[in-house]
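Report on one structure; see the data block that follows.
The values are calculated or read from the model by the stated rules, or taken from the named source; none is laboratory data. All figures in this text were calculated on a predicted structure; none of them were measured in a lab. Cβ placement follows ideal geometry from the backbone for every residue including glycine, while neighbour counts extend to all protein chains displayed. Accessible surface areas use protein heavy atoms only, side chains included; no ligands, DNA or RNA. Shrake-Rupley method; radii C 1.70, N 1.55, O 1.52, S 1.80 Å.
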Amino acid sequence: MSFADMPKVELHLHLEGAAPPGFIRGLAQERKLDISNIFTPDGTYEYRDFWHFLDVYEAASSCLQSPEDYARVTTAVLAESAASGVVYSEAFLSPDFCGGRDMAAWKEYLTAICEAADKAEAEHGIIMRGIVTPIRHFGPEKAREVALCAQETAGDWVTGFGIAGDERAGNLADFTYAFDMAREAGLRLTAHAGEWCGPDEVIAALNHLKVERIGHGVRAIEDPNLLKRLASEGVVLEVCPGSNVTLGVYSDLKAHPVKALRDAGVKVSVSTDDPPFFYTSMTDEFNNLSDAFGWGEEDFNELNAIALAAAFCDDQTRARVKEKLEKKHV
Ligand code: ADE
Ligand code: ZN
């Protein structure tokens with residue numbers, strides 16, 4: 001059975017990481033940039049491991065050099081997501097890549113992204129919201145500049161603040177100030193943790209950054225006390241099974257803890273992370289989970305409901321998305 005036309009809610013998607021490789025190759029040609037070393041001969045992204053993936057990600061992102069480029073990539077990404085049944089998408093946006101944390105530039109990039117998102121909603125019915133996201137390995141000082149960008153643009157559309165990048169770089173506690181700034185601006189909070197590091201990193205995200213969602217968080221499975229805490233506090237995990245398997249966190253989907261996390265009472269949602277990098281889509285994620293664990297419509301309804309309840313949007317938007325889910329087909 002295929003879940004292709006089931007409506008889906010996606011909470012964890014990196015805008016640059018969702019850029020189709022052909023689109024990035026085209027931009028590189030237009031700009032006369034040589035990034036041939038990031039592609040396989042058949043034109044997909046190529047990398048050795050997670051840390052090389054981060055380099056390739058930054059090389060691909062360096063081709064996006066103007067607000068117009070970001071409008072184009074937003075259009076391409078949302079068309080792909082909509083084709084996979086996604087009706088609501090939260091995307092990580094990085095002022096580091098969008099204008100180098102310059103406030104005026106960031107506002108221009110954001111305006112272009114929002115305009116493209118409005119057009120995509122009119123065309124495909126998909127609703128997008130943005131989570132402003134510093135890159136951990138760029139360090140806490142730059143994260144504060146990113147938090148300033150987030151503060152200035154927080155509102156109905158920029159609704160969240162997160163952190164991505166190399167989980168093994170620096171201490172999460174050093175980002176507390178940036179997260180406090182974002183919280184004071186009314187932004188909802190999430191952090192990548194427990195993907196490459198163990199349960200302690202998830203605990204650090206909860207204790208220091210006071211996030212309500214965790215990006216990945218899968219290695220919480222190694223700490224029974226943490227599992228109890230996640231379940232009792234209702235923390236939502238943005239689990240990206242295809243990403244974890246392709247990057248080698250787990251050997252295959254059957255060895256992935258997504259089912260065990262649900263069985264432990266933890267609130268789980270499912271996302272793609274960087275779909276073309278991990279050769280996946282939301283439809284692939286649902287179909288693969290169905291094959292590996294026998295999950296069916298009821299399970300995916302529950303994943304969607306958890307994601308929608310935890311979505312960083314206002315209640316009016318939540319009600320509109322709920323209507324889209326209740327239609328059962330896109
Ligand atoms: N940036 C893009 N994808 C990421 C991931 N899976 N982990 C951390 N940072 C990322
Ligand atoms: Zn991610």
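Which one of the conditions (1) out of contact with any helix residue (DSSP H, G or I) (no Cβ under 6 Å at 6 or more places or on another chain); (2) away from ligand 2 (no atom under 16 Å from the Cβ); (3) open to solvent by less than 10 Å² (accessible area, probe 1.4 Å) does G160 fail to meet, given that it meets all the rest?
In the conditions (1) out of contact with any helix residue (DSSP H, G or I) (no Cβ under 6 Å at 6 or more places or on another chain); (2) away from ligand 2 (no atom under 16 Å from the Cβ); (3) open to solvent by less than 10 Å² (accessible area, probe 1.4 Å), G160 misses (2) alone.
Across the stretch 1-31, what is the total count of residues that are out of contact with any strand residue (DSSP E or B) (no Cβ under 6 Å at 6 or more places or on another chain) and not hydrophobic (A, V, I, L, M, F, W, C)?
Result for the stretch 1-31: 11.
Being within 22 Å of A60 (Cα to Cα), touching a residue at least 40 places away in the same chain (Cβ under 8 Å) and either touching a Lys or Arg at 6+ places or on another chain (Cβ under 9 Å) or within 12 Å of ligand 2 (Cβ to nearest atom) (or both) is the filter here; which residues of the stretch 243-276 pass it?
N244, L247, S271, T272, D273, D274, P275
Tell me the residue from A205, A220, A231 that is open to solvent by 30 Å² or more (accessible area, probe 1.4 Å), farther than 21 Å from K8 by Cβ and in the same structural domain as R168 (by TED's automatic domain parsing), please.
A231
Within the stretch 33-53, how many residues turn out to be within 13 Å of ligand 1 (Cβ to nearest atom), surrounded by fewer than 19 Cβ atoms within 10 Å (Cβ to Cβ) and in contact (Cβ under 8 Å) with a residue 24 or more places away in the chain? Break it down stepwise before answering.
If we filter the stretch 33-53 for residues that are within 13 Å of ligand 1 (Cβ to nearest atom), which is where we start, we get 45, 47, 49-53.
Next, from what is left, pick out any that are surrounded by fewer than 19 Cβ atoms within 10 Å (Cβ to Cβ): 47, 49-52.
Filter again for in contact (Cβ under 8 Å) with a residue 24 or more places away in the chain, leaving 47, 49-51.
Number of matching residues: 4.
Could you list, in sequence order, all residues of the stretch 130-157 that are open to solvent by 10 Å² or more (accessible area, probe 1.4 Å) and not in a helix (DSSP H, G or I)?
Correct list: I135, G139, A154, G155, D156, W157.
Which residues, taken from the stretch 261-288, are touching a helix residue (DSSP H, G or I) at 6+ places or on another chain (Cβ under 9 Å) and charged (D, E, K, R)?
R262, K267, D273, D274, D284, E285
Of G194, G165, which residue is open to solvent by less than 10 Å² (accessible area, probe 1.4 Å) and under 18 Å from the mean Cα position of the chain (by Cα)? Working first, answer last.
Numbers: G165 fails: open to solvent by less than 10 Å² (accessible area, probe 1.4 Å).
Selected residue: G194, the only one of G194, G165 that is open to solvent by less than 10 Å² (accessible area, probe 1.4 Å) and under 18 Å from the mean Cα position of the chain (by Cα).
How many residues does the stretch 85-100 hold that are out of contact with any helix residue (DSSP H, G or I) (no Cβ under 7 Å at 6 or more places or on another chain) and among the β-branched types (V, I, T)?
Result for the stretch 85-100: 0.
Within the stretch 83-101, can one find any residue that is part of a helix (DSSP H, G or I), crowded, with 18+ Cβ neighbours inside 10 Å and either within 18 Å of the chain's Cα centre (by Cα) or touching a residue at least 40 places away in the same chain (Cβ under 8 Å) (or both)?
For the stretch 83-101, residues part of a helix (DSSP H, G or I), crowded, with 18+ Cβ neighbours inside 10 Å and either within 18 Å of the chain's Cα centre (by Cα) or touching a residue at least 40 places away in the same chain (Cβ under 8 Å) (or both): absent.
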